[in-house]
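Heads up: the structure comes next, in structure tokens.
The values are calculated or read from the model by the stated rules, or taken from the named source; none is laboratory data. Please read these numbers as outputs of a predicted model, since none were measured by experiment. Every residue, glycine among them, receives a Cβ derived from its backbone with ideal geometry; neighbour counts consider all protein chains shown. Quick note on the areas: whole protein, heavy atoms, side chains included, nothing else; ligands and nucleic acids left out. Shrake-Rupley method; radii C 1.70, N 1.55, O 1.52, S 1.80 Å.
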Amino acid sequence: MKIKVIAVDGYASTGKSTLSKRLADALGFTYIDTGFMYRAVSYFAQKNGFLKEDSIQEEALKEALHKTSFSWIKGKSSNVMLFNGSSYGDELRTLEVSSWVSKIAGFGFVRDHLVYQQRILSKLRSVVMDGRDIGTVVFPEADFKFFLVADAEVRAKRRFDELKAKGENVVYKDILKNVIDRDHQDSTRLISPLKKAQDALEIDTTNVSIETALEQMFSKINSKS
Ligand code: DC
């Protein structure tokens, strides 16, 4: 079977990862969360002391990044992505990591390193890959492209509920600000900004359930397969 790529791009907390995972499970493809990769690099930068107040030690990060890599192991129900051989979870989803990640993702050397690895990861298997630049930069020739949008307030509420459920002590207006700031930084950065690929199907998840959004994706896939 020909290796296939499905690109799922869009704004923060629009349901990209839930939908991509469901899609990958149903199709037997591997799910690749590229946000995880940018978050892992931000966490790595934080833990290594490369982030100080409002500045980033760019050269030190650049040098250290070249010695890092991503890999996979088979998990109980799905594949688990590893960074430098270790798995990560909620520590990558904190508000602190979220507040640095768009700045880190704006560096060309970070993007080059991660895009290179994303292309390698999908050489041997069919993938559903979610992110911000998958359909425009990483795989402009992807077999299917989706672009997810939703109202900022609704997205912030989803994120707030998610973090609260995990026991994080968060304030709704801080989350809303982070969502709006990240949208702005992700879509206005000079390198690979977040934008809809011309041939992507846009899905607005503001008032739509995961099941309905999934149906829209399948209907697109089935109409072309
Ligand atoms: O999908 P996420 O919210 O976990 O992504 C975290 C950040 O990583 C997002 O604000 C921008 C950056 N990112 C990116 O620039 N390009 C990608 N392909 C994926 C994520």
Can you go through 131, 167 and tell me which one is of a type outside the set (Ser, Thr, Tyr) and under 16 Å from the mean Cα position of the chain (by Cα)? 131
In the stretch 84-98, the residues that are within 10 Å of the ligand (Cβ to nearest atom) and open to solvent by 50 Å² or more (accessible area, probe 1.4 Å): 93
Identify the single condition in (1) surrounded by 15 or more Cβ atoms within 10 Å (Cβ to Cβ); (2) not in a strand (DSSP E or B) that residue 81 does not satisfy, given that it satisfies every other one. (2)
Got a sec? Which of 62, 67 is among the basic types (Lys, Arg) and modelled with pLDDT of 95 or more? 62
Inside the stretch 99-136, the number of residues satisfying the requirement of being in contact (Cβ under 8 Å) with a residue 24 or more places away in the chain, open to solvent by 50 Å² or more (accessible area, probe 1.4 Å), farther than 16 Å from residue 178 by Cα and not aliphatic (A, V, I, L, M) is 2
Say we look at the stretch 14-30 and pick out the residues that are open to solvent by 30 Å² or more (accessible area, probe 1.4 Å) and among the polar types (S, T, N, Q); which of these is farthest from the chain's Cα centre (by Cα)? 18
Would you be able to tell me the number of residues in the stretch 174-192 that are outside any helix (DSSP H, G or I) and within 18 Å of residue 148 (Cβ to Cβ)? 1
Residue 139 - would you say it is under 18 Å from residue 3 (Cα atoms) and surrounded by 14 or more Cβ atoms within 10 Å (Cβ to Cβ)? yes
Can you pull out every residue in the stretch 58-68 that is in a loop (DSSP other than H, G, I, E, B) and open to solvent by less than 80 Å² (accessible area, probe 1.4 Å)? 68
Give the residue that is surrounded by the fewest Cβ atoms within 10 Å (Cβ to Cβ), with candidates limited to residues of the stretch 142-181 that are among the small types (Gly, Ala, Ser) and closer than 22 Å to residue 34 by Cα. 152
Which residue pairs have Cβ atoms closer than 9 Å, lie 6 or more positions apart in sequence or on different chains, and pair a first residue in the stretch 149-160 that is within 22 Å of residue 195 (Cβ to Cβ) with a second residue that is of a type in the set (Phe, Trp, Tyr) and part of a helix (DSSP H, G or I)? 156/172
Which condition from (1) of a type outside the set (Asp, Glu); (2) closer than 29 Å to residue 180 by Cβ; (3) away from the ligand (no atom under 16 Å from the Cβ) is the one that residue 10 breaks? (3)
Here's a check for you: in the stretch 193-204, which residue that is within 11 Å of residue 11 (Cα to Cα) and assigned to a loop (DSSP other than H, G, I, E, B) is least open to solvent (accessible area, probe 1.4 Å)? 194
